[in-house]
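What follows is a set of notes on a single structure, which appears directly below.
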Amino acid sequence: MSEIKLSRIDAAFEELEYPISQDDAATELEDVTLLLADGERNLGRLVEQSGRDRFESIDDLRAELHNVLPREAVGEPYQSEGEG
């Protein structure tokens, strides 16, 4: 299982071949833990919650992920993630 910060999410999404179905994306990302401002979430489960059947590009997948994340998960607007 790997962990990734939200600010580095494109690295995980670049591993996928597009277009990709929601089911395939969720399966490919099920072992990735997304580290958020308010804790952590399983990336595959977040992708499963999306309303899309298919993602045409990284941009599609990224946009849909932001739609399913709770607002508090990303912190305050314009707040950068510290390296801890």
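Just the residues that are within 12 Å of the chain's Cα centre (by Cα) and open to solvent by 10 Å² or more (accessible area, probe 1.4 Å), please, taken from the stretch 34-45.
Correct list: 35, 36, 40, 41, 42, 45.
For the stretch 6-32, how many residues are surrounded by 15 or more Cβ atoms within 10 Å (Cβ to Cβ) and part of a strand (DSSP E or B)?
2
What number of residues in the stretch 1-31 are among the hydrophobic types (A, V, I, L, M, F, W, C) and over 16 Å from residue 66 (Cβ atoms)?
5
Hey, any hits in the stretch 58-79 for a residue that's among the hydrophobic types (A, V, I, L, M, F, W, C) and at pLDDT below 90?
yes
Take the stretch 46-58 and flag every residue that is open to solvent by 60 Å² or more (accessible area, probe 1.4 Å), within 21 Å of residue 71 (Cα to Cα), part of a loop (DSSP other than H, G, I, E, B) and not basic (Lys, Arg).
49, 51 - these are the residues of the stretch 46-58 that are open to solvent by 60 Å² or more (accessible area, probe 1.4 Å), within 21 Å of residue 71 (Cα to Cα), part of a loop (DSSP other than H, G, I, E, B) and not basic (Lys, Arg).
Of all residues in the stretch 31-48, which are farther than 11 Å from residue 3 by Cα, at pLDDT 95 or above and out of contact with any Asp or Glu (no Cβ under 7 Å at 6 or more places or on another chain)?
Answer for the stretch 31-48, where residues must be farther than 11 Å from residue 3 by Cα, at pLDDT 95 or above and out of contact with any Asp or Glu (no Cβ under 7 Å at 6 or more places or on another chain): 45, 46, 47, 48.
The values are calculated or read from the model by the stated rules, or taken from the named source; none is laboratory data. Predicted model only: the values in this text are computed from it and were never measured. With ideal geometry, Cβ positions are generated from the backbone for all residues, glycine too; neighbour counts draw on all protein chains shown. Note: accessible area is taken over every heavy atom of the protein model, side chains too, but ligands, DNA and RNA are not part of it. Shrake-Rupley method; radii C 1.70, N 1.55, O 1.52, S 1.80 Å.
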